[in-house]
Amino acid sequence: MTTTKVAMIEWAATALGVPPAQVRQVVLAGDASARQYSRLLTPDGSFIIADASAEPDVTAKVVAVAETLQRAGVRIPTLIASDQAAGLSLQEDAGDQVLLSDLTAESVDYWYTKAMPALRALAGADTEASNLPQYDRDTLQSELDVCPQWFLRGLLDLSLDTEFTLAQTRLHEFLIVQALEQPRVLVHRDFHSRNLMIRDADLVVIDFQDALIGPLCYDWVSLFKDCYCRWPRPRVLQWLRTLHDSLPERSQAGSDTILVQWFDWIGLQRHLKVLGVFARLHLRDGKSQYLGDLPRVLAYIDEVFSLYADHSEIAPFIACWRRVVEPALMQQAWYVR
């Protein structure tokens, strides 16, 4: 064990009130971030320690967001201790069973109904008291820029002509405007089936440190149009309407048409971003397992393109996508329609 790991175990042992010799560390598989997680086994039970020393300021965000989520009534792992300077946080062990592992066509209604109270709590949280950053124009644009940089140019090795670039700029502006028109709520940013843990027949929300104040439908898209599993659109819209109709009137869309459009537009923004994120994980970080999820993300994008093919703000980009991107996709070993 390295000196740094010894110090980490000693810090955790002190926080837990047990001798370091009675703490056994089990390193857990990593996720899409640079953070490292370990399970600490002690005579008093198991706990999770997160080492975010490679990501400055993350631990401070964890503490701040955890306090906000707890005030809102979202069930998250209890934070036991943190050392923001060292990038360490110690928390309740939420177990190993991610929601994704239990989702089937028969169980999904049950589990998504279980997830809705957390989404309602996020939508109803006191955003002024949270002091969290805004999901503003610059953030939305920087996320959209990840797609041409890492997916189109990086992974597909495409040269984007002037027509494509102009159509893309027009699409980005449209999606940003649509996102900023939605009611502003507390947004987890990755509220999907790999960040929901099944514990005691309920769901515990994890990986929440990147939360912002942003569009109402963002987290709804993250779950109902999950990048790791896909469900028929009629079921997706049923969940969307059920959740929406349970909110206070001040948080609702003016009509069903507006609601569905908000959902689809922010979904397109998210899924374009995810194309770039998954490509970056493969190209830069060597996490090539995410290539297998790209066809599903592309299918979500294609669904929106098909539904809104005649929309004046996105039709030029759809035409460019069909002309430039789709032929390149057919050459990729990972691509399956």
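The values are calculated or read from the model by the stated rules, or taken from the named source; none is laboratory data. Bear in mind that the values here come from a model prediction, so they are computed numbers and not experimental data. Note that each Cβ is placed from the backbone with ideal geometry, even for glycine, and that neighbours are counted across all protein chains shown.
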Residue ID - farthest from I176 (Cα to Cα), chosen from residues in the range 289-319 that are without any contact (Cβ under 8 Å) to a residue 12 or more places away in the chain and of a type in the set (S, T, Y): S306
Residue match in the range 205-214 (condition: at positive phi and modelled with pLDDT under 95): yes
Residue that is farthest from R235 (Cα to Cα), among those in the range 84-100 that are out of contact with any Leu (no Cβ under 9 Å at 6 or more places or on another chain) and touching a residue at least 12 places away in the same chain (Cβ under 8 Å): A86
Tabulated pairs, the range 157-171, first closer than 19 Å to S312 by Cα, second of a type outside the set (S, T, Y) and not in a helix (DSSP H, G or I), C-beta under 9 angstrom, 6+ apart or interchain: F164/L158; A167/I314; Q168/L160; R170/E313; R170/I314; L171/E313; L171/I314
Residues within the range 149-185 that are closer than 19 Å to D136 by Cβ and either assigned to a helix (DSSP H, G or I) or among the hydrophobic types (A, V, I, L, M, F, W, C) (or both), tallied: 13
Single residue of H311, H244, H271 found to be over 17 Å from L144 (Cβ atoms) and crowded, with 19+ Cβ neighbours inside 10 Å: H244
Pairs with Cβ under 7 Å, 6+ apart, first in the range 267-281 and under 13 Å from L156 (Cα atoms), second part of a helix (DSSP H, G or I) and of a type in the set (F, W, Y): L275/F151; G276/W150; G276/F151; F278/Y290; A279/W150; A279/F151; R280/W150
Evaluation of G73 against (1) under 25 Å from T14 (Cα atoms); (2) in contact (Cβ under 8 Å) with a residue 40 or more places away in the chain (one fails), failing number: (1)
Qualifying residue in the range 190-206 (condition: assigned by TED's automatic domain parsing to the domain that holds V324, farther than 30 Å from A29 by Cβ and either surrounded by fewer than 16 Cβ atoms within 10 Å (Cβ to Cβ) or in contact (Cβ under 8 Å) with a residue 24 or more places away in the chain (or both)): no
Residue in the range 56-79 that is exposed (fewer than 14 other Cβ atoms within 10 Å of the Cβ) and touching a Lys or Arg at 6+ places or on another chain (Cβ under 8 Å) present: no
Qualifying residue in the range 88-104 (condition: over 18 Å from L196 (Cβ atoms) and among the aliphatic types (A, V, I, L, M)): yes
Those strands (runs of 3 or more DSSP E) lying entirely in the range 1-107 with at least 1 residues within 24 Å of C227 (Cβ to Cβ): 36-42, 45-51
Subset tally (residues that are assigned to a helix (DSSP H, G or I) and either free of Cβ contacts under 8 Å to residues at least 12 places away in the same chain or under 28 Å from E106 (Cα atoms) (or both)) for the range 235-261: 18
